[in-house]
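Heads up, the thing below is written out as structure tokens.
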Amino acid sequence: MESVSYSYASRSPSKPALDEVSLSVAAGELVVVAGLSGSGKSTLLRAASGLVPHFHGGEMAGRVVVGGMDTREHGPGDLAAVCGTLLQDPETQIVMATVASELAFGLENRGLGATAVAREVQEVALALGIAPLLERATHELSGGELQRVALGAALVGRPGLVVLDEPTSQLDPVAGDELIWLVRRLNEQWGTAVILAEQRIERCLAAADRVVVMDAGRIVCDATPAEFLVWAGRSCKALQTPAAELLGSAGIGPPPTGVKAARATLAAHGLLTPSASPEAQSELEVNGTPRRRPWRRSLKANPAIEFKHVWHEIRNGPTVIRDVCLSIAAGEMVALMGANGAGKSTLLRHAAGLMKPTRGSVNVDGRVALLLQNPGDYLVHECVGDELEIEALRGAGLDHLVDRHPRDLSGGERQRLALAIVTAEPATATAALGAICLDEPTRGMDHGHRAELVAQLRDFGDRGSAVLVATHDPELAAAFADRVILVGDGVVVADGSVAAILGSGWYFATETARVLGGAGDALLPADGASLLRSRLAKAPLELKVAP
Amino acid sequence: MNYRRCSSPLHASRAAAGMAYCGALALGSLVSDSPVVLVAILAGVVGAAVAAGVGREIRHAALLAVPLALLIAVINPLVAREGLTVIARFGEVGPLGQLDITLEAVVYGAILGLRALVVILACALYAAAVDPDEVLRLFRRLSLRSALTATLATRMVPVLSRDARRMADAQRCRPGAPPGRTAVVRAVATNALDRAVDVAATLELRGYGVARRPPRERRRWSRHDLAFTASAIGLVGLVAVSRIYALAEFGAYPQLRIALGVEELLLAAAIIAVCWLPFLDRRGVARSRS
């Protein structure tokens, strides 16, 4: 890319989506594109795939050359031979009825014969581990499977470059990690150049050759992962990984690119205990640092939501919830965690009365507000002012947007508006707000918006509403919850304090807990840094401490 | 309505044969007025669906088709002014004028409803058992864009219905008075357009815009291809013979004339047999991968 500037047709040219961007990606390189929401990551990737400007229109200056093809002369169809593209939503990237046809579609468009197509389809299916899915109907696939098939469809012509725009944002963490692992393998074993935009950069930083940071359409950092982390610690803390924030806050360097590197650094400083021993777990108390809020089990005397032996059995289908008994107190902050299909969303729907148990009962004290996964589904009017009373908008800090169309709001604003809608107290309300339930609220959300959401949730809890959030995000759970309920195959498999559940797990654990092995109940970088500082204070002087 | 992969002779046959078979079922019911022929084809469709393992899909289609058929059956006697056997007199009824219900109009309404039911179920059998991707390949040599548009429209139906369900749930979560219907319809339409734009972007990225005509594909005819093609020809032949030789003759107006003898029963049996016979040979119906 040489001095590329671009403005969408619908937006003002004074605020370009890309502003004098110059970037070069070598064959076999893996480049991670980082940046907050709206920074221009997606536009950069769409320029590389030719969708900008051929599909989106608008005004473009500068030059983009992909695999020797200038995007001014070649559209996305031509570029598909040299550049595979994977977008966010797996649902809209599948156009055929079966996996085999989906993989073959791009090659057939290029006029390849049946034999050549069959061979390429087999090759890519085996390479990506989707051969068992070839004869499956695409509408039967899970989100993770769909995204792998879409990746296969992007790769089937063996392009030298693959462009991925937040491909894991709509997936659960297991499926997301699997996809990132596939991309790493692709890059390492077949030398495919990769440009990957990702919100959770801790997932892919260890495999990256370079990190490019976008801000307001410009590249503000283009560096190796280690240099990027130093830059992020200095200039944009919202882009720091939890492990880098942990070590940085404790004054230990260099910033680690992953859990393994963080543990190695701590071990070199003699700060890593072999396991979370009882001594280690009480360390924070010993050193006078306040521990995390205790689990307020006593509040259970006054339940806001009570599940009594709830079953949900689908006619001619599976049993989604099996004999669940739960009590959530007023003001209690609860994270509901578990793998996809475990029954988290179904439990929330039961709490809000969208579903009725086939056996058992759900009792609620007051009204239950439910915010489903896609906040856009709540917004049906032409302007924000029609969605909600001005007082309620003012309370949500959205009163300056009354004339805007809801679809023009940013992701964070849209979620705040939807949350304000479901928690609003209408004049006709017969019951006060007793509980708030949110289903996967941080999908595709950057760290800054996540911090805003945590503050909002705490505010609801402080006002006496129970807060129940279904999430795959351990960092979110650690930031807001007092209690974590783990659900597996429709039953509650664990129910305890946030430290007990997230401090000792493998999968359900924060990055800080994984670095420190759960020591001192430290789940978030700030807690972990306190622990490390207390250990440093006791450590011999000759240990090296970063300035 | 979604295509469902099953191990059945109809699924194992090429798309052209499957299309011809389902097309013959629909065509037979469209060109014949005879209740004997229509009932026989209905039995043929239902039996074929069960034998193809898509009985559930046909049942879902019937849930929509039966009310439509009943509606047609009810409306016809109200609007038809023919027939001699009056079975009910309602006098002057508003815009309908003098309303006399005749037996002939009632029966003909039922025949029209039955025909609509058979056509819808034949189309449902096609949608559930004939591979749309193969149909696309079949037609792409003629007109790729039209074929792909038709396939995508079919594929967008379940995606949009899931979107609509999600939006309906979200609206139920709003406290207070629900938003107006117009606002919800507008939001659903906007959402559908957004989806369509996303799919269009994907098509661009897959090279749809520069699609080239694929080389001709030669494939040997399997036993199932031959059986279903023969069945389609046989079905059309039987219906044609019944029309040419006035078998199973039916006339609704001015008075009912329904031929129902041995010949007609033999014709019905032949139609059912022709519909079901291709399903008897189940060799080689399983997919090579699962």
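The values are calculated or read from the model by the stated rules, or taken from the named source; none is laboratory data. Model, not experiment: these values are computed from the prediction. Glycine gets a Cβ as well: all are built from the backbone with ideal geometry, and neighbour counts include every protein chain shown. Surface areas here come from the heavy atoms of the whole protein model, side chains and all, with no ligands, DNA or RNA. Shrake-Rupley method; radii C 1.70, N 1.55, O 1.52, S 1.80 Å.
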Exercise. Using a simple spin-label model with points 7 Å from Cα along the Cα→Cβ vector, what separation in nm is obtained for A:ALA432 and A:ALA61?
Worked result: 5.9 nm
Exercise. Within a Cβ distance under 13 Å of B:LEU256, other residues only, what is the Lys/Arg minus Asp/Glu net charge?
Worked result: -3
For this session: Place +1 on the Cβ of every Lys and Arg and -1 on the Cβ of every Asp and Glu in chain B, take the dipole about the Cα centre, and give the residue among B:MET156, B:VAL39, B:VAL74 whose Cα lies farthest towards its positive end.
Result: B:MET156
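Return the carbon/sulfur percentage of the accessible area of region B:1-102, one whole number, probe 1.4 Å, all protein chains in place.
Numbers: 3150 of 4540 Å².
Carbon and sulfur atoms account for 69 percent of the accessible area of region B:1-102.
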Problem set entry | Given charges at beta-carbon only (K, R positive; D, E negative), |dipole| of the protein assembly as shown in Debye | 1540 debye
Problem set entry | Protection-proxy order for peptides A:42-52, A:346-356, each taking the mean of Cβ atoms within 10 Å per residue, highest first | A:42-52, A:346-356
Problem set entry | Shielded by partner chains, region A:363-380 residues - at least 40 Å² of accessible area, 1.4 Å probe, vs chain alone | A:ASP377, A:TYR378, A:VAL380
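If you place +1 on the Cβ of every Lys and Arg, -1 on the Cβ of every Asp and Glu, and leave all else neutral, what size is the dipole of region B:144-209 about its Cα centre, to the nearest 20 Debye?
Numbers: 11 positive and 5 negative charges, 47 e Å.
Once rounded to the nearest 20, the dipole reads 220 debye.
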Problem set entry | Distance histogram for region B:144-209 (every C-alpha pair counted, 10 angstrom bins, percent rounded to whole numbers) | 18, 42, 24, 12, 3
Exercise. For chain A, which whole-number percentage of the solvent-accessible area (1.4 Å probe, protein heavy atoms only) is attributable to carbon and sulfur atoms?
Worked result: 52 percent
For this session: Collect residues whose amide H, placed 1.01 Å from N in the peptide plane, falls under 5 Å from the amide H of A:ILE321; neighbours closer than 5 in sequence don't count.
Result: A:HIS312
Exercise. Taking only C-alpha pairs under 8 Å that are 6+ residues apart, what is the relative contact order of chain B in percent?
Worked result: 35 percent
Exercise. So what J values fall out for region B:171-187 if you push phi through Karplus, 6.51 cos²θ - 1.76 cosθ + 1.60 with θ = phi - 60°, rounded to Hz, Gly and Pro as x?
Worked result: 5, 5, 7, 6, x, x, 5, x, x, x, 4, 4, 4, 5, 4, 4, 5
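Exposed loop GluC sites (Glu not before Pro) only (DSSP loop, at most 16 other Cβ atoms within 10 Å): please give the longest stretch of chain B free of them, not including the sites. Walk me through the intermediate numbers first.
On the way: sites that count: B:GLU82, B:GLU217, B:GLU249.
The longest uninterrupted stretch comes out as B:83-216.
Using the Cβ atoms and a cut-off under 14 Å, what net charge is assigned to the surroundings of A:LEU388, where Lys and Arg are +1 and Asp and Glu are -1? Each step should come with its number before you reach the end.
Details: positive: A:ARG394, A:ARG404, A:ARG414, A:ARG416, B:ARG174; negative: A:GLU382, A:ASP386, A:GLU387, A:GLU389, A:GLU391, A:ASP399, A:ASP403, A:GLU413, A:GLU425.
Overall, the nearby charge balance is -4.
For region B:144-209, with all protein chains present and a 1.4 Å probe, just round the carbon and sulfur fraction of the accessible area to a whole percent. Don't skip to the answer; put the middle values down first.
Working: 2010 of 3180 Å².
Of the solvent-accessible surface of region B:144-209, carbon and sulfur hold 63 percent.
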Exercise. Which one of A:SER10, B:ALA15, A:SER345 has its Cα pushed farthest toward the positive end of the charge dipole of the protein assembly as shown, where Lys and Arg give +1 and Asp and Glu give -1 at the Cβ?
Worked result: B:ALA15
For this session: Determine the sum of side-chain charges near A:LYS344: Lys and Arg each +1, Asp and Glu each -1, restricted to other residues whose C-beta is under 11 angstrom from that of A:LYS344.
Result: -2
Problem set entry | Calculated FRET value between B:LEU96 and B:LEU265, using beta carbons and R₀ = 35 Å, to 0.05 | 0.35
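Taking 25 Å as R0, compute the FRET efficiency from the Cβ-Cβ separation of B:LEU68 and B:VAL39 and round it to 0.05.
Working: r = 18 Å, r/R0 = 0.72.
Given R0 = 25 Å and the Cβ-Cβ separation, E is 0.90.
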For this session: Find the relative contact order for region A:304-423 and round it to a whole percent, using C-alpha pairs within less than 8 Å whose residues are 6+ positions apart.
Result: 23 percent
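Given only helices, namely DSSP H runs of n ≥ 4 each adding -39500 (n - 2.57), what is the per-residue ellipticity at 222 nm of the protein assembly as shown, to the nearest 500 deg cm²/dmol? List each step's numbers first, then the result.
Values: 30 runs with 384 residues, N = 837.
That calculation yields -14500 deg cm²/dmol at 222 nm.
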Exercise. Using a simple charge model, +1 on the beta-carbon of Lys and Arg, -1 on the beta-carbon of Asp and Glu, nothing else, what dipole does region B:1-153 show about its Cα centre, in debye to the nearest 20?
Worked result: 700 debye
Seminar exercise, completed: Asked for the total accessible area buried by B and A (1.4 Å probe, Å², nearest 100), one would answer 5000 Å²
For this session: With label points built 7 Å along Cα→Cβ from the Cα atoms of A:ASP386 and A:GLU425, find their separation and express it in nm.
Result: 2.8 nm
For this session: At 37 °C and 0.692 mPa s, grab the translational diffusion coefficient of chain B from Stokes-Einstein with a Kirkwood Rh over Cα pairs, rounded to a whole number in µm² per second.
Result: 148 µm²/s
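Cross-link list A:LYS308/A:LYS344; A:LYS41/A:LYS344; A:LYS260/A:LYS344; A:LYS260/A:LYS538: which exceed 21 angstrom alpha carbon to alpha carbon?
As for pairs spanning more than 21 Å Cα to Cα, those are A:LYS41/A:LYS344; A:LYS260/A:LYS344; A:LYS260/A:LYS538.
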Exercise. Between B:ARG282 and B:VAL31, what length comes free when the chain is fully extended (0.36 nm per residue of separation minus the Cα-Cα distance, one decimal in nm)?
Worked result: 87.3 nm
Problem set entry | Per residue accessible area of the protein assembly as shown, 1.4 Å probe, in Å² | 43 Å²
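If you take the beta carbon distance between A:ARG218 and A:HIS400 as r and set R0 to 22 Å, what does 1/(1 + (r/R0)^6) give as a FRET efficiency, to the nearest 0.05? Display every interim value, and only then the final one.
Details: r = 26 Å, r/R0 = 1.18.
Here the calculated transfer efficiency is 0.25.
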Exercise. Which of B:PRO278, B:PRO77, B:PRO178 moves most in a GNM of chain B, Cα contacts under 10 Å?
Worked result: B:PRO178
Exercise. Of B:ALA147, B:GLY176, B:ALA201, whose Cα points farthest to the positive end of the dipole of region B:144-209 (charges on the beta-carbon: +1 Lys, Arg; -1 Asp, Glu; origin at the Cα centre)?
Worked result: B:GLY176
